[in-house]
Amino acid sequence: MDLNTVWFFLIAVLFIGFFLLEGFDFGVGIMLPVLGRGGDTATVDTKRRVIINSIGPHWDGNEVWLITAGGAMFAAFPMWYATMFSGFYIPLFIIVLVLIGRGVAFEFRSKDQNPKWRSLWDWMIFIGSLIPALLFGVAFANLARGVPIDANMNYVGGFFYLLNPYALLGGIATVLVFTLHGSIFLSLKTTGEVCESAERFSRRIWIIVVVLLLVFLIATYFSTDIVSKLGVNPGPIPIAAMIAILLCGFFVRKQSYGWAFLTTSLTIGLSLSTLFMIMYPRVMISSLDPAFSLTIFNASSSEYTLKLMTIVALIMVPIILIYQGWTYWVFRKRIEPNPENLTY
Amino acid sequence: MDLLMLSRLQFAITTVYHFFFVPLTLGLSVMVALMETIYVITNQEVYKQMTKFWGKLFLINFAMGVVTGIVQEFQFGMNWSEFSRYVGDIFGVPLAIEALLAFFLESVFLGVWIFGWDKLSKGLHAATIWIVAIGANISAFWILVANSFMQQPVGYIVQEGRLVLERFSDLIFNPNLWVQFPHTITAGFTTAAFFIMGISAYHLMRKHNPDVFQRSFQIAAIIGSISIILLGLIGHDQAQHMVETQPMKMAAAEALWTTEDPASFSILTIGDLSQRNEVFSIRLPRLLSLMSFSQIDGEVKGIYDLQEEYTQLYGPGDYIPPVAFVYWSFRIMVGVGTLLMLLAFVGLFLVMAGVFEVRTIIYKIFMLAILLPYLANSAGWIMTEVGRVPWLVFGLMVLRDGVSIVVPIGVVATSLIVYTITYAALMGADIYLLRKFAKIGVPESRDDVTDTPAEENLSLIGAQD
């Protein structure tokens, strides 16, 4: 395997890591107003704090996967980074803006009693989870579908080109998969009323997720060149993604939320893998002329830089996985609805 | 305003804003780690109270630094895509390493520190804040590797119109990095020291929990004095390095229009910017030569001569940075730095003499002095970056060649305005919380929690353990 392919693979891994991890904390953020209601003001506030505290120790570490994916793109495929970030300026700007509000919200929300203050930051958490989930879905669907790239590697489509039906479908599917993923996470990490309503919610939303993913898969046959890349039978990965989401329903009904979480993780990881497989070896598919597409070769850094970054990544990524994994073990206990023991 | 100017303005605003939070994170993380370590070793409750009190302020500040950092990483591709293409082979490397080596450490272990008080052993818990502190400072190192390349490009070759990395070690041993990095770190420690001294002064004045705040003031005065001395010494080295590698920046910082030998140091210069010459100035003879070369004579090149030199070297063009900007930002940085040094010594003197009851005005000066490092930090970066104009990468790429050409001007104008408004609102929330928790202070003793007013008490519980 050449280093360019290694780096395509590594960047796929980083984005999959981001979708898997931040996926559930986005989902939890989306669930905040959904599950954080019912009862008097104090009860609602405690519910919301339970929901927020379930991802409290983790969300920041999860978000670093995005920062790292961005940095790795810059280092390994600077042309891809430059074309995509300048071309997708408006969605990325919106993502960054709402992520700023969201990140601060976790830290600021419970540091003041004023209900208006808390409600403001709750909105930030909700919007900051919903919008990035939607827009990342839109962005990746567009990457697989192809966008107008000219001969100078510049995106010339404008903002509204990105909002085509296929990409919007990808965005909505992403939001719903993340919501289910987050809802199952809450079923694993909380107790009492929040936990019960999360369990109920997971059972209800599951079928919608299945339908949407199926529609998205079918749309992928019409909107991308999946047939020429993967064949009519797309092979084990997309099929396994679909099987995983079907199994999820089984586990949710059996109330085996650990297994259910594994299946949503697999669905997310394998679906995103499918999109990356459609793209490979291209990183930005040009809808104007295949010759204008950015590939892992014409968008890449030099051999020397790739080699250097490979060494750094091969040493660091396993270490990161170990210590980040350790934090999930440290905070493995469920969150009790006891306001005095809640940090955030 | 054109696209280039809007993009520059956006970068300036978001970067200066981001750097309001970074220096305090660099210094305060280490100081909180020190406090917790003393607590683990001595088992004295007061150090736990100190750790929690300063730790909470640290967290409020840290959150702002993290979220505004995302903008920085994305902005190179979004607004400076031509630059990203040109230097990506080199510039992306330190940014990716920073994420893998430092940012993960900081973020993951900070989560453990915040939520892990009753889940980890005391020693392990203290270790997590050390990892955060080390991660934050390593992070600064890699970011400055990237910035140093823009100031003094090293270890590259030009291939097909792009810069390609030739030797990684050259980036690490870039001489500019080794003056810039210690300068930034010591500035961070100074910022944190004055932050602690100022808030401690507030409580000492009101005789709130003197045990906690005397000790805090003590630690901060000692660390502050050491770091500001180092800061000054390194700043001097940095100036000499600048004369050598970016003489135009120094000439602008001194508003030195014509070459002088021996060169004088400007106390005050009023210039006519449209004519680009000097109208009036007060200068100390020989001082600039002394500063630049550590001897009383030596030629320091003036702006006009450098312009001519650069025209021959790089072709026709305007190589003169906005002189007034560079001149005044340099003066603010050095002036404020000098004032801080005096204040640090006053603090140290009080600590050595064991005097914590002084006249109200002294407390108030220390409280106001919290703001001074912010002024110097911002001025320092403005001088460094504006002094490099017109270069984006010194000697290799000018600003107008680096900007994203595909982003419509209206879009950049909108993002600039929205960032500015959002940042202003966030600053309001940040300062509100910092003031609130700085003023609440620490309960007199553990059984005494009920002393704080009921509402604040609740929010304390809400935010603490």
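Taking A:Ile90 as the residue in question, decide whether it is surrounded by fewer than 21 Cβ atoms within 10 Å (Cβ to Cβ) and in contact (Cβ under 8 Å) with a residue 24 or more places away in the chain. Write out each step before concluding.
Values: surrounded by fewer than 21 Cβ atoms within 10 Å (Cβ to Cβ): yes; in contact (Cβ under 8 Å) with a residue 24 or more places away in the chain: yes.
Yes, satisfied.
From the set of residues in region A:294-316 that are free of Cβ contacts under 8 Å to residues at least 24 places away in the same chain and facing chain B (nearest Cβ under 8 Å), which is farthest from A:Asn152 (Cα to Cα)? If you could, list the steps in order and put the result at the bottom.
The initial filter retains those residues of region A:294-316 that are free of Cβ contacts under 8 Å to residues at least 24 places away in the same chain, namely A:295, A:302, A:304, A:308, A:311-312, A:314-316.
Restricting the remaining residues to those that are facing chain B (nearest Cβ under 8 Å) gives A:302, A:304, A:308, A:312, A:316.
Values: A:Ser302: 19, A:Tyr304: 25, A:Leu308: 28, A:Val312: 31, A:Met316: 35 Å.
If we take residues in region A:294-316 being free of Cβ contacts under 8 Å to residues at least 24 places away in the same chain and facing chain B (nearest Cβ under 8 Å), then A:Met316 is farthest from A:Asn152 (Cα to Cα).
Please work out if A:Met73 is crowded, with 24+ Cβ neighbours inside 10 Å, at the interface with another protein chain (Cβ under 9 Å from one of its Cβ atoms) and modelled with pLDDT of 95 or more. Don't jump to the end; show me each part of the working.
Numbers: crowded, with 24+ Cβ neighbours inside 10 Å: yes; at the interface with another protein chain (Cβ under 9 Å from one of its Cβ atoms): yes; modelled with pLDDT of 95 or more: yes.
Against the criterion (crowded, with 24+ Cβ neighbours inside 10 Å, at the interface with another protein chain (Cβ under 9 Å from one of its Cβ atoms) and modelled with pLDDT of 95 or more), A:Met73 qualifies.
Looking at B:Val71, B:Val30, B:Val67, which is the one that is away from chain A (no Cβ under 12 Å) and part of a helix (DSSP H, G or I)?
Working: B:Val71 fails: away from chain A (no Cβ under 12 Å); B:Val67 fails: away from chain A (no Cβ under 12 Å).
Step by step, each of B:Val71, B:Val30, B:Val67 is checked, and only B:Val30 is away from chain A (no Cβ under 12 Å) and part of a helix (DSSP H, G or I).
If you go through region B:253-303, how many residues are without any contact (Cβ under 8 Å) to a residue 40 or more places away in the chain, in a loop (DSSP other than H, G, I, E, B) and surrounded by fewer than 17 Cβ atoms within 10 Å (Cβ to Cβ)?
So the count comes out to 7.
Given A:Thr263, A:Thr343, which one is modelled with pLDDT under 95 and either part of a helix (DSSP H, G or I) or touching a helix residue (DSSP H, G or I) at 6+ places or on another chain (Cβ under 8 Å) (or both)?
From the options A:Thr263, A:Thr343, the qualifying one is A:Thr343.
Among the listed residues A:Ile100, A:Ile94, identify the single one that is at the interface with chain B (Cβ under 8 Å from one of its Cβ atoms), at pLDDT 95 or above and under 28 Å from B:Ile421 (Cβ atoms).
Numbers: A:Ile94 fails: at the interface with chain B (Cβ under 8 Å from one of its Cβ atoms).
That would be A:Ile100, the only listed residue that is at the interface with chain B (Cβ under 8 Å from one of its Cβ atoms), at pLDDT 95 or above and under 28 Å from B:Ile421 (Cβ atoms).
In region A:229-236, is there at least one residue being touching a helix residue (DSSP H, G or I) at 6+ places or on another chain (Cβ under 9 Å), among the β-branched types (Val, Ile, Thr) and crowded, with 17+ Cβ neighbours inside 10 Å?
no
Restricting to region A:176-188, give me the number of residues that are more than 20 Å from A:Gly39 (Cβ to Cβ) and buried (at least 24 other Cβ atoms within 10 Å of the Cβ).
Taking region A:176-188 first, the residues more than 20 Å from A:Gly39 (Cβ to Cβ) are A:176-182, A:184-185, A:188.
In the following step, the residues that additionally are buried (at least 24 other Cβ atoms within 10 Å of the Cβ) were identified as A:177-182, A:184-185.
Within region A:176-188, residues that are more than 20 Å from A:Gly39 (Cβ to Cβ) and buried (at least 24 other Cβ atoms within 10 Å of the Cβ) number 8.
Take region A:107-127 and flag every residue that is within 12 Å of chain B (Cβ to nearest Cβ), crowded, with 23+ Cβ neighbours inside 10 Å and either closer than 16 Å to A:His58 by Cα or among the aromatic types (Phe, Trp, Tyr) (or both).
A:Glu107, A:Phe108, A:Trp121
Check B:Ser200, B:Ser169 and return the single one that is of a type in the set (Ser, Thr, Tyr) and in contact with a Phe, Trp or Tyr (Cβ under 8 Å, 6 or more places away or on another chain).
Values: B:Ser169 fails: in contact with a Phe, Trp or Tyr (Cβ under 8 Å, 6 or more places away or on another chain).
Within the list B:Ser200, B:Ser169, the selection yields B:Ser200.
Checking B:Val389 against (1) of a type in the set (A, V, I, L, M, F, W, C); (2) loosely packed, with under 15 Cβ neighbours inside 10 Å; (3) in a loop (DSSP other than H, G, I, E, B), which single condition isn't satisfied?
So the condition that B:Val389 fails would be (2).
Just to be sure before I move on: is B:Arg215 more than 27 Å from B:Asn176 (Cβ to Cβ) and of a type in the set (D, E, K, R) in the structure I sent? Show your work before the answer.
On the way: more than 27 Å from B:Asn176 (Cβ to Cβ): yes; of a type in the set (D, E, K, R): yes.
In short, yes.
On the given criteria, is B:Asp170 charged (D, E, K, R), assigned by TED's automatic domain parsing to the domain that holds B:Phe21 and touching a helix residue (DSSP H, G or I) at 6+ places or on another chain (Cβ under 6 Å)? Break it down stepwise before answering.
Numbers: charged (D, E, K, R): yes; assigned by TED's automatic domain parsing to the domain that holds B:Phe21: yes; touching a helix residue (DSSP H, G or I) at 6+ places or on another chain (Cβ under 6 Å): no.
When the stated conditions are applied, B:Asp170 does not pass them.
Would you check which residues across region B:156-215 are of a type in the set (Lys, Arg) and in contact (Cβ under 8 Å) with a residue 24 or more places away in the chain and list them?
Let us first name the residues in region B:156-215 that are of a type in the set (Lys, Arg), namely B:162, B:167, B:206-207, B:215.
B:Arg162, B:Arg215 - these are the residues of region B:156-215 that are of a type in the set (Lys, Arg) and in contact (Cβ under 8 Å) with a residue 24 or more places away in the chain.
Do you know which residues across region B:135-162 are aliphatic (A, V, I, L, M) and under 28 Å from the mean Cα position of the chain (by Cα)?
We begin by selecting, within region B:135-162, every residue aliphatic (A, V, I, L, M); these are B:136, B:138, B:140, B:143-146, B:150, B:154, B:157-158.
Answer for region B:135-162, where residues must be aliphatic (A, V, I, L, M) and under 28 Å from the mean Cα position of the chain (by Cα): B:Ala136, B:Ile138, B:Ala140, B:Ile143, B:Leu144, B:Val145, B:Ala146, B:Met150, B:Val154.
B:Gly27 fails exactly one of the following numbered conditions: (1) touching a Phe, Trp or Tyr at 6+ places or on another chain (Cβ under 9 Å); (2) closer than 30 Å to B:Gly161 by Cα. What is the number of that condition?
Evaluating B:Gly27 over (1) touching a Phe, Trp or Tyr at 6+ places or on another chain (Cβ under 9 Å); (2) closer than 30 Å to B:Gly161 by Cα leaves (2) as the failure.
B:Leu233 fails exactly one of the following numbered conditions: (1) modelled with pLDDT under 85; (2) of a type in the set (A, V, I, L, M); (3) assigned by TED's automatic domain parsing to the domain that holds B:Leu34. What is the number of that condition?
(1)
Is it fair to say A:Ala241 is crowded, with 18+ Cβ neighbours inside 10 Å and under 15 Å from A:Phe24 (Cβ atoms)? So that I can check it myself, show each step before the final result.
Working: crowded, with 18+ Cβ neighbours inside 10 Å: yes; under 15 Å from A:Phe24 (Cβ atoms): no.
No.
Using the structure shown, decide if B:Trp54 is among the hydrophobic types (A, V, I, L, M, F, W, C), more than 10 Å from chain A (Cβ to nearest Cβ), surrounded by 23 or more Cβ atoms within 10 Å (Cβ to Cβ) and on the phi < 0 side of the Ramachandran plot.
Answer is yes for this residue.
Here's the yes/no breakdown for (1) under 19 Å from A:Gly269 (Cα atoms); (2) part of a helix (DSSP H, G or I); (3) away from every other protein chain (no Cβ under 14 Å):
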{"position": "A:Tyr161", "(1), (2), (3)": "no, yes, no"}
{"position": "A:Ala167", "(1), (2), (3)": "yes, yes, yes"}
{"position": "A:Arg200", "(1), (2), (3)": "no, yes, yes"}
{"position": "A:Ile218", "(1), (2), (3)": "yes, yes, yes"}
{"position": "A:Gly249", "(1), (2), (3)": "yes, yes, yes"}
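Here's a check for you: in region B:89-112, which residue that is more than 23 Å from the chain's Cα centre (by Cα) and in contact (Cβ under 8 Å) with a residue 60 or more places away in the chain is farthest from the other protein chains (Cβ to nearest Cβ)?
Within region B:89-112, the match that is farthest from the other protein chains (Cβ to nearest Cβ) is B:Ile90.
Considering each residue of region A:318-344, count those that are within 7 Å of another protein chain (Cβ to nearest Cβ) and surrounded by 15 or more Cβ atoms within 10 Å (Cβ to Cβ), and give that number.
Going residue by residue through region A:318-344, those that are within 7 Å of another protein chain (Cβ to nearest Cβ) are A:320, A:323-324, A:327, A:330-331, A:340, A:343.
Then drop every residue that is not surrounded by 15 or more Cβ atoms within 10 Å (Cβ to Cβ), which leaves A:320, A:323-324, A:327, A:330-331, A:343.
Total satisfying the criteria: 7.
Residue by residue through region A:281-293, note down the ones that are buried (at least 18 other Cβ atoms within 10 Å of the Cβ) and either without any contact (Cβ under 8 Å) to a residue 60 or more places away in the chain or on the phi > 0 side of the Ramachandran plot (or both).
A:Arg282, the sole residue that qualifies.
Among the residues of region B:304-340, which ones are assigned to a helix (DSSP H, G or I) and more than 25 Å from B:Ala376 (Cα to Cα)?
Step one: of region B:304-340, the residues assigned to a helix (DSSP H, G or I) are B:304-314, B:323-340.
The answer is B:Tyr304, B:Asp305, B:Leu306, B:Gln307, B:Glu308, B:Glu309, B:Tyr310, B:Thr311, B:Gln312, B:Leu313, B:Tyr314.
Residues checked against (1) more than 14 Å from chain A (Cβ to nearest Cβ); (2) crowded, with 22+ Cβ neighbours inside 10 Å; (3) under 14 Å from B:Leu28 (Cα atoms); (4) touching a Pro at 6+ places or on another chain (Cβ under 9 Å):
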| site | (1), (2), (3), (4) |
| --- | --- |
| B:Gly161 | no, no, no, no |
| B:Arg167 | no, no, no, no |
| B:Leu171 | no, yes, no, yes |
| B:Leu177 | yes, yes, no, no |
| B:Ala193 | yes, yes, yes, yes |
| B:Phe213 | yes, yes, no, no |
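The values are calculated or read from the model by the stated rules, or taken from the named source; none is laboratory data. Since this is a predicted model, take the numbers as computed values, not measurements. FYI the Cβ positions are ideal-geometry reconstructions off the backbone, even for glycines, and counts take in every protein chain you see.
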